[in-house]
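A.B. asks: Handing you this structure, nothing more for now.
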Amino acid sequence: MRLFRHELRIELLLYTRSRELAFFTFLLPLILFVLLGSVYGNDTVKGDPGVKQSKYLEAGMIGYGAISIAFAGLAIVLVIRREAGILKRLRATPLPAAAYVAAVLSAFLIAFAVEVIGLILLGRILFGIGAPDKPLSLALALLLGAVSFCGLGIGVTALIRSAEGASAVVNAIYLPMSFIAGAFFSPRHFPSVLQAIADVLPLTYFLRLVRNVMLHGQDIWSQGTNVAVLAAWGIAGVIVALRAFRWEPHEG
C-alpha cells in the first residue's frame, strides 16, 4: 500500500503537469458543455418532452468525459510510455506490476471523478440543473463505466505499435463513437445505419445508463441490459489486455 500511495501521487502529478493530456481529456468536455449548453441549453429534447437539452447534454458530456479520460487518455499514455521504454524499466524495479497498474488506473479514475463534479457544478451554476436524484445509482453507474473504459483502453494498446500513431488510432475510435452514440445530441433521428452501429457501441449503453439515472430517476439495478452490455465490453477489454498487453516496446 505504501508503494501504491507513492506511485498514485506521482501519477496524479504527471497527469496534471501534462498540459496536452489535461486539456484534451479533462478540460475539453467541460468547455464543450459550456459552449453547446449556451447555444441550445434551454430547448427541450425532441422525443423526450420535459427534459431540458442542457440536462441531456450534461449526461452526454459525462459519457464523453469517461471515454475521453478512461479510454483515450489511458491508452495514449500507456503506449507512449511503452514505446519510450518506461514500462520496461518500471517492470525491472521492485515496484510490483499490480501496484503500478492500480496506481495508473486510480489516477485516471480520480481525474474522471473530478470532471464529473465539475460538470455537475457548471450545470448548476450556468443552466440551473439540479443535483442528481439518485446519487448512489449514479456513482455506481459512473464507476462501472469508467472501469469498463479503462479495461478497453488497456486492451486497445495491443493494436497500436508506435507512439506516433497512438493519438491517431485512439481519436479515430473514440471521436466517431461519441457522435454516433449520442454524447452531444439525441441519436433518435439518426439514419438506420448509424443507429445499428450505435447499438453495439459500449458508450451507447453507458449513456443510456447515465441518462436513465439522471433524467428519469431510474436505479442502476433496474437496468440489467445496459449494465450487462457495458460490463461485457469491459471484461472483453481486460481479456485482450491480459493476453496481449506488452511492457516492452515493439521492435523497429
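A.B. asks: On average, how much accessible surface per residue is there in segment 103-178, in Å², for a 1.4 Å probe, leaving out ligands, DNA and RNA?
C.D. replies: Working: 3240 Å² over 76 residues.
Per-residue accessible area for segment 103-178 comes out at 43 Å².
A.B. asks: What is segment 75-198 by shape, rounded, prolate or oblate, if you read a ≥ b ≥ c off the alpha carbon gyration tensor as root eigenvalues and call it rounded for a/c under 1.5, prolate for a/b larger than b/c, and oblate otherwise?
C.D. replies: On the way: a/c = 2.54, a/b = 1.41, b/c = 1.80.
Oblate, since a/c reaches 1.5 and b/c is not below a/b.
A.B. asks: Right, another one. I'd like the Karplus ³J(HN,Hα) series for segment 232-248: coefficients 6.51, -1.76, 1.60, θ = phi - 60°, whole numbers in Hz, and an x wherever there's a Gly or Pro.
C.D. replies: Result, rounded to whole Hz: 4, 4, x, 5, 4, x, 5, 4, 4, 5, 5, 8, 10, 5, 10, 9, 9.
A.B. asks: Cα gyration tensor of segment 132-210, axes a ≥ b ≥ c as square roots of the eigenvalues: rounded (a/c below 1.5), prolate (a/b > b/c) or oblate? The partial results should precede the final answer.
C.D. replies: On the way: a/c = 2.59, a/b = 1.25, b/c = 2.08.
Taking the square roots of the gyration eigenvalues as a ≥ b ≥ c, segment 132-210 is oblate.
A.B. asks: Counting pairs of alpha carbon atoms under 8 Å apart in space and at least six apart in sequence, what relative contact order in percent does segment 18-103 give?
C.D. replies: Numbers: 46 pairs, mean separation 21.8, N = 86.
About 25 percent, as a whole number.
A.B. asks: Explain nothing, just the number: relative contact order of the chain, from Cα pairs under 8 Å at least 6 residues apart, as a whole percent.
C.D. replies: Working: 328 pairs, mean separation 70.8, N = 252.
Normalised by residue count, the contact order of the chain is 28 percent.
A.B. asks: Right, here's the next one. Which loop-located trypsin sites (Lys or Arg not before Pro) does segment 35-118 contain, where loop means any DSSP state but H, G, I, E or B and the Cβ has at most 13 other Cβ atoms within 10 Å? Please list the in-between numbers first.
C.D. replies: Numbers: sites: 46, 52, 55, 81, 82, 88, 89, 91; in loops: 46.
For trypsin sites (Lys or Arg not before Pro) across segment 35-118 that sit outside H, G, I, E and B with at most 13 neighbouring Cβ atoms in 10 Å, the list reads 46.
A.B. asks: So which trypsin sites (Lys or Arg not before Pro) in segment 164-220 are both in a DSSP loop and have at most 11 other Cβ atoms within 10 Å of their Cβ? Kindly include the intermediate steps, with their values, before the conclusion.
C.D. replies: Details: sites: 188, 208, 211; in loops: 188.
Sites meeting the loop and neighbour criteria: 188.
A.B. asks: Can I ask one more? Given a Förster distance of 30 Å, report the FRET efficiency between residue 84 and residue 131 from their Cβ-Cβ distance, rounded to the nearest 0.05. Mind dumping the intermediate values first?
C.D. replies: Working: r = 43 Å, r/R0 = 1.42.
Computed FRET efficiency for residue 84 and residue 131: 0.10.
A.B. asks: Evaluate the charge dipole of the chain about its Cα centre and quote only its size in Debye, nearest 20, assuming +1 on the Cβ of each Lys and Arg and -1 on the Cβ of each Asp and Glu.
C.D. replies: Details: 21 positive and 14 negative charges, 93 e Å.
Result for the chain is approximately 440 debye, rounded to the nearest 20.
A.B. asks: Related question: How large a share of the accessible area of the chain, in percent, is made up of carbon and sulfur atoms when the probe is 1.4 Å and the other protein chains stay in place?
C.D. replies: On the way: 8230 of 12320 Å².
Summing carbon and sulfur atoms, their accessible area is 67 percent of the total for the chain.
A.B. asks: For residue 51, which sequence-distant residues (separation of 5 or more, or a different chain) have an amide H within less than 5 Å of its own amide H, given hydrogens modelled in the peptide plane?
C.D. replies: Residues meeting the criterion, in which the H sits 1.01 Å from N, are 45.
The values are calculated or read from the model by the stated rules, or taken from the named source; none is laboratory data. Keep in mind it's a predicted model, so treat the numbers as computed, not measured. Ideal geometry is used to build each Cβ from the backbone, glycine not excepted, and the neighbour counts take in all protein chains shown. Ligands, DNA and RNA are excluded from the accessible area calculation, which covers all protein heavy atoms including side chains. Shrake-Rupley method; radii C 1.70, N 1.55, O 1.52, S 1.80 Å.
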